[in-house]
Amino acid sequence: MASLGINLDHIATVRQARRTVEPDPVSLALLAELGGADGITVHLREDRRHIQDRDVELLRGTVRSRLNLEMAATAEMVAIALAIKPDMVTLVPEKREEVTTEGGLEVARQLPAVKRICTRMCRAKIEVSLFINPDARQVDAAAEAGAQFIELHTGQFAEHHGNARNRRRELNRLIAAAEHAHSLGLRVNAGHGLNYENLPTLHAVPHLEELNIGHSIISRSVEEGLAKAVKEMLRLMKGYRSG
Ligand code: PXP
């Protein structure tokens with residue numbers, strides 16, 4: 001069975017909508033671990049739209065499983081990673097205008113820069129994963145860069161899951177990329193857009209070590225918890241007598 005990394009960015013998105021203290025991704029990381037999560041993943045974006053520096057610092061001190069820091073390949077983020085020392089960094093492309101990470105990292109196009117980051121992380125004993133599209137050219141570049149892991153972008157697979165022919169095509173791309181990566185000695189993770197419906201189909205992809213899942217698990221936790229939260233508020237409201 002592959003291990004499960006829970007992406008907590010969406011919890012921080014709700015908190016940042018009010019710039020308040022709840023819900024707190026740091027305390028909820030503990031609950032995710034209690035639920036059996038094998039790792040906690042957070043994306044510290046350049047614009048700090050959800051996860052904040054404080055979250056990453058506190059998570060480093062409290063996460064008992066594995067902390068995976070998603071980040072852009074920039075000097076600022078490299079300095080933060082080297083200071084905080086997560087167990088792993090996942091390099092992702094980042095655009096200010098995107099709602100979520102849209103495509104995979106163009107490793108082939110920025111090979112020297114990615115190579116330098118891999119070397120620096122390796123010296124600091126931080127593992128590196130590269131979030132890439134299921135594409136042989138990117139897999140080759142990831143191996144050449146010296147990363148230990150790739151994370152296959154499953155966004156297209158998730159998007160086309162409803163159509164049998166397109167689903168098969170995207171699944172084949174993932175299978176081919178995972179096999180190719182494995183043959184080059186890369187370890188293989190996957191993530192983006194995975195949910196309770198499309199996950200069983202992904203079992204056809206070989207060599208997967210870890211799946212990173214955020215939105216669908218956080219959504220499910222809201223669905224499961226809302227009735228209880230409403231009941232609790234109603235219980236408090238019972239104390240009120242008008243007039
Ligand atoms: N992996 C990476 C590299 C991501 O950027 C994201 C989204 O933040 C995920 C996994 C999780 O995606 P989702 O929230 O759609 O499960």
Requested in this report: Mind telling me which of the residues 66, 54 ends up being out of contact with any helix residue (DSSP H, G or I) (no Cβ under 6 Å at 6 or more places or on another chain), loosely packed, with under 14 Cβ neighbours inside 10 Å and at pLDDT 95 or above?
Outcome: 54
Requested in this report: Among the numbered conditions (1) under 22 Å from residue 220 (Cα atoms); (2) of a type in the set (Val, Ile, Thr); (3) not in a loop (DSSP other than H, G, I, E, B), tell me where residue 21 comes up short.
Outcome: (3)
Query raised in the report: If you scan segment 190-233, which residues turn out to be near the ligand (Cβ under 9 Å from one of its atoms) and either among the aromatic types (Phe, Trp, Tyr) or outside any helix (DSSP H, G or I) (or both)?
Result: 190, 191, 192, 193, 194, 195, 211, 212, 213, 214
Query raised in the report: Within the set of pairs 6 or more residues apart or between chains, which connect a residue that is hydrophobic (A, V, I, L, M, F, W, C) inside segment 155-171 to a residue that is in a helix (DSSP H, G or I) and within 16 Å of the ligand (Cβ to nearest atom) with Cβ atoms less than 9 Å apart?
Result: 157/170; 157/174; 157/201; 157/202; 158/170; 171/157; 171/201; 171/202
Requested in this report: Only one of these is crowded, with 24+ Cβ neighbours inside 10 Å and farther than 15 Å from residue 179 by Cβ: 153, 160. Name it.
Outcome: 153
Query raised in the report: Can you tell me how many residues in segment 144-161 are outside any loop (DSSP other than H, G, I, E, B) and closer than 18 Å to residue 93 by Cα?
Result: 8
Query - Counted residues, segment 82-120 - those being among the aliphatic types (A, V, I, L, M) and either at pLDDT below 95 or within 16 Å of the ligand (Cβ to nearest atom) (or both) - result: 10
Requested in this report: Identify, from the list 33, 70, the residue that is within 12 Å of the ligand (Cβ to nearest atom) and under 30 Å from residue 204 (Cβ atoms).
Outcome: 70
**Report entry** Residue satisfying all of: in segment 74-122; without any contact (Cβ under 8 Å) to a residue 24 or more places away in the chain and part of a helix (DSSP H, G or I); farthest from residue 56 (Cα to Cα) among these
**Finding:** 109
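The values are calculated or read from the model by the stated rules, or taken from the named source; none is laboratory data. For clarity, every value in this text was computed on a predicted model and none was experimentally measured. Glycine gets a Cβ as well: all are built from the backbone with ideal geometry, and neighbour counts include every protein chain shown.
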